[in-house]
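> Mind looking over this structure? Questions follow.
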Amino acid sequence: SQTDRHNLVDEFRKLETQRIKNTSAIIRTHHLSKLPQGAVGEMGVIRGEIAKKRKHKSIRQVISQAGSMVQRIKPIFLMSPISVAQFIPPEKLEFDLLVIDEASQVKPEDALGSIARAKQIIVVGDQKQLPPTSFFDRLTDNIDEVEEEDNGELALTSAVEMESVLSLCEARGLNQCMLEWHYRSRDPSLITVSNL
């Protein structure tokens, strides 16, 4: 009956909410149990910086000297591609997974440094969104574009010829899938704003 179906949906919703809370608690407990202890080596660098009142090392220096411990303490970094280049020296950190959100807004050359630091990437975006702005590129670009002669050889389009990292991934034929749901779909008020 209709009432049974509503009860079943309500029960599922409660169980799903509880499962999300339980999973979060398990992940948090596991992470906290793996936090590094001690005050020697890389942890000595970190504890020394924490104890200082002034003249702290730059983030780049701390990552360079104690990157693996920083990554154990904070395994998830939320950064723009420019911040990755600015704060993480090459070959100091490697990430299991890189998620590039709003990929239609990210130029391939800006994403390269982040991609080089990751074992796997997920590129999320919508080709219907506007591409990255190239206003300042045009102002600073003094080099005239020269068309190369077509000598009949097969040539791949270079990364810098693509307007976004999303376009580049599509051109390279990387696996694609559509989102089956979106966080905004959980509450109508979240999707209404974007549809205005």
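> Identify all residues within region 84-126 that are polar (S, T, N, Q) and closer than 19 Å to residue 70 by Cα; write none if there are none.
So the first thing to find is which residues in region 84-126 are polar (S, T, N, Q), and the list is 86, 104-105, 114, 120.
The answer is 86, 114.
> Among (1) open to solvent by less than 90 Å² (accessible area, probe 1.4 Å); (2) assigned to a helix (DSSP H, G or I), which single condition is residue 5 missing?
Unmet condition: (1).
> Can you report the number of residues in region 18-66 which are over 18 Å from residue 93 (Cα atoms), touching a helix residue (DSSP H, G or I) at 6+ places or on another chain (Cβ under 7 Å) and small (Gly, Ala, Ser)?
1
> Is there any pair linking a residue in region 60-80 that is farther than 16 Å from residue 48 by Cα to one that is open to solvent by 70 Å² or more (accessible area, probe 1.4 Å) and assigned to a loop (DSSP other than H, G, I, E, B), with Cβ under 7 Å and at least six apart or on different chains, and which?
Taking only residues 6 or more apart or on different chains, the pairs are 72/34.
> Kindly indicate which of 17, 23 is among the hydroxyl-bearing types (Ser, Thr, Tyr), open to solvent by less than 80 Å² (accessible area, probe 1.4 Å) and modelled with pLDDT of 95 or more.
Working: 17 fails: modelled with pLDDT of 95 or more.
None of the other options fit; the residue is 23.
> Are there any helices (runs of 4 or more DSSP H) wholly within region 26-95 with 1 or more residues that are under 19 Å from residue 110 (Cα atoms), and if so which? Steps first, please.
On the way: elements: 41-51, 59-73, 81-87.
In region 26-95, the matching helices (runs of 4 or more DSSP H) lie at 59-73, 81-87.
> If a residue must be among the basic types (Lys, Arg) and within 25 Å of residue 171 (Cβ to Cβ), how many such residues does region 71-110 contain? Spell out the reasoning first.
Here is the first cut: in region 71-110, the residues among the basic types (Lys, Arg) are 72, 74, 92, 107.
Add one more test, that the residue is within 25 Å of residue 171 (Cβ to Cβ), and what stays is 107.
Matching residues across region 71-110 total 1.
The values are calculated or read from the model by the stated rules, or taken from the named source; none is laboratory data. In this text the structure is predicted, and so the values were computed from the model without any measurement. As a convention, Cβ positions derive from the backbone with ideal geometry for all residues, glycine included, and neighbour counts pool all protein chains shown. Surface areas here come from the heavy atoms of the whole protein model, side chains and all, with no ligands, DNA or RNA. Shrake-Rupley method; radii C 1.70, N 1.55, O 1.52, S 1.80 Å.
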